[in-house]
Amino acid sequence: MILAHVYKLKPNSEQWANLTNWLSMLRAHYNFCLRDRIEAYEQVRSPVLGNYSRLDNQDGHLTVLGSPQHPCPRECCPLTCSVNKSATIGYPWSKAGKRRSAGMQQDAYLPEMKAARPWYKQINADVLQMNLRRLNDAFSRFFDRQGGYPRFKSRSKFRSFSYKPKQVKIENNKVYLPGIGWMRFYLSRPLPIGFEIRTVTIRHKSDGWYMSVRLENKDVPALMPMDTNQVTKVVAADVGIRKLAALNTGELIPNPQFSKKVARRKRIRQRAASRKVKGSKNRSKAYVRLAKLDLKVGNQRDDYQWKVANKLCRLGDAIIFEALNIKNMMARCKPKS
């Protein structure tokens, strides 16, 4: 069984600065590797460029490179061939003579990157590797047509990093983050006994830093769906817009619409923030206060939907929903020309 618990961290001023600095450097590293993969991918995909071989060999003969005996350079240009369709930095061949994947190639480039940029040595190596895995997942979804083309991350879109399994230690209300040190956190719920700590994700929100702990216990079997012959009571729910759902029992589950309750306060804070001087500390503080409203609405929605889900699960053995696209239901019809 796999569980996930979220806790709020209590870093001191030095740890807060280190976390912020790590997040900035990891975002730059992500965008740098993304740029490299985009250039290599566009070079191979382009009908004009295509694949190239080096023409600047010493003997003057055309030699198709791409082997340990003829290593390919690391820059994309018409004088080089793209050995790997997804990356150019890093050595493309392993010691065994096998061609590396894009992720392995950029992973092997990390020591060279740290030598060229010594400030990256302060970041844990596993965190940098997990950052590359995040990029791999983005490209995998793109190639599997499950997501759009990977984009560069801005500060507002890149707010988390992860540790590999068995790297983080938790003792009571203290957690050890490699490279950061021991840190206190709010133990809002105890860790279940017998579960092993797997991936730990550190996330920055408008009101502080949070830690998402992934827990696993292989001895506890995963929950299996009930057999249809064992179902004795069925609950049918009609999902709506003004009302969250209408049950077959006649009960209507209301839709609180938390965003409308803070709409006026949000407009006031938006106007106040827009009047501040650009680049000033007062402007950044004003936008933090504005972001806290969105965070509050998100927390209220999560809390409410879990309570509703718990209520529905207690009403029957099976729940039936309509396959509706709520987004299209809320969209306005286009006027006829």
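A short reminder: the numbers here are calculations on the coordinates, not readings from a lab. The structure presented is a predicted model; accordingly, all values stated were derived computationally and were not measured. Backbone-built Cβ (ideal geometry, glycine too); neighbour counts: all protein chains shown.
Which order results if 37, 184, 214, 271 are arranged by neighbouring Cβ count within 10 Å, fewest first? Provide the component values of the computation, followed by the final result.
Details: 37 24, 184 14, 214 17, 271 10.
Starting with the residue having the fewest Cβ neighbours, the order is 271, 184, 214, 37.
On the principal axes of its Cα set, how long, how wide and how thick is region 228-330? Give whole Å, largest value first.
So the three principal-axis extents are 66, 24, 20 Å.
Highest mean first, what order results for 284-291, 151-158, 129-136 on Cβ atoms within 10 Å?
Working: 284-291: 14.8, 151-158: 12.0, 129-136: 18.6.
Listed from highest to lowest mean packing, they are 129-136, 284-291, 151-158.
How far is helix 281-315 tilted off the main Cα axis of the chain, in degrees rounded to 10, range 0 to 90?
Helix 281-315 sits roughly 60 degrees off the main axis of the chain.
Give or take rounding to whole Å, what are the principal axis extents of the alpha carbon atoms in region 1-45, in descending order?
Result for region 1-45: principal-axis Cα extents of 47, 36, 9 Å.
Quick check: Cα centre of region 285-337 to Cα centre of region 222-261, how many Å?
Between the Cα centres of region 285-337 and region 222-261 lies a distance of 13 Å.
Build a GNM of the chain with springs between Cα atoms under 10 Å: which of 99, 35, 189 gets the top mean-square fluctuation?
Per the Cα network of the chain with a 10 Å cutoff, 189 tops the list.
Could you work out the helix-only [θ] at 222 nm for the chain, with each DSSP H run of four or more residues adding -39,500 (n - 2.57) and the total divided by the number of residues, to the nearest 500 deg cm²/dmol?
Numbers: 8 runs with 122 residues, N = 337.
Result for the chain: -12000 deg cm²/dmol, rounded to the nearest 500.
What whole-number volume per residue, in cubic angstrom, does the convex hull of the C-alpha atoms of the chain give? Don't skip to the end; give the middle numbers.
Working: hull volume 90.0 nm³, N = 337.
Output value, Cα hull per residue: 267 Å³.
Enter the angle in degrees (range 0 to 90, nearest 10) between the Cα long axis of helix 13-45 and the first principal axis of the Cα atoms of the chain, meaning the one along which they spread out most.
60 degrees
Give the peptides 22-32, 314-324, 294-304 in descending order of average Cβ contacts within 10 Å, highest first. Let's see the in-between values first.
On the way: 22-32: 17.6, 314-324: 11.9, 294-304: 13.6.
The densest-packed peptide leads the list: 22-32, 294-304, 314-324.
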